[in-house]
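One structure below.
The values are calculated or read from the model by the stated rules, or taken from the named source; none is laboratory data. Being a predicted model, the structure only gives us computed values, none of them experimental. Cβ placement follows ideal geometry from the backbone for every residue including glycine, while neighbour counts extend to all protein chains displayed.
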Amino acid sequence: MRRPEGVSMIAMWFFLSAGFCVLGLGGMAIGFMGLWSGGDIEGILFGTMGMVLGVIAISATGITYSVVGWGLWTLKPWARSAAIIMAALQILVIPFGTVAAIMTLIYLNRNREAKAAFGIA
C-alpha cells in the first residue's frame, strides 16, 4: 500500500525530534565542560551523575523517535501505536511539541487512510 502523506509528515516530525535530541546531547557535552571547570569535587560528582542520567534519557528518547519514525515510514503495524504513545508524551513539550502531538493524535486516530495503511479497518 502507498504511504499516506500525513503518515510521511509525522514520520519526518519524529526524525526531526530525534535530531533535536542529538542537539540536546551536544548541549549536555557543553554542560559537562562547564561543570568540570569548577573546583568543588562533591558538586562535580553529583553533577556528573545527573548529567549522565540526562544523557541516557535523551539518548533513549532520540533512539525511540528514530525507530518509531522508521516504523511509520515503512508502515510497520506496531508503529501507529508507538507513535500515538510518543505523541501523548510529546504533549508536554510546549509549544511546538504540543501542537504536533495533538495533530498526530487526531490524524492517526481519525483518518481512515492512515488507519488502513496500518491494517486497521
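Side notes on the structure shown:
- Applying the criterion of being crowded, with 16+ Cβ neighbours inside 10 Å and within 22 Å of Ala57 (Cβ to Cβ) to the residues of the range 87-121, the residue that is modelled with the lowest pLDDT is Gly97.
Per-residue answers, yes or no, for (1) loosely packed, with under 12 Cβ neighbours inside 10 Å; (2) touching a strand residue (DSSP E or B) at 6+ places or on another chain (Cβ under 7 Å); (3) of a type in the set (A, V, I, L, M, F, W, C):
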residue: Phe20; (1), (2), (3): no, no, yes
residue: Gly31; (1), (2), (3): no, no, no
residue: Gly43; (1), (2), (3): yes, no, no
residue: Gly47; (1), (2), (3): no, no, no
residue: Ser59; (1), (2), (3): no, no, no
residue: Ser66; (1), (2), (3): no, no, no
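- Leu75 passes every criterion in (1) crowded, with 17+ Cβ neighbours inside 10 Å; (2) assigned to a helix (DSSP H, G or I); (3) touching a residue at least 60 places away in the same chain (Cβ under 8 Å); (4) not polar (S, T, N, Q) apart from (2).
- Annotation note: of Ile41, Ile63, Ile30, Ile84, the sole residue that is at pLDDT 95 or above, aliphatic (A, V, I, L, M) and out of contact with any helix residue (DSSP H, G or I) (no Cβ under 7 Å at 6 or more places or on another chain) is Ile63.
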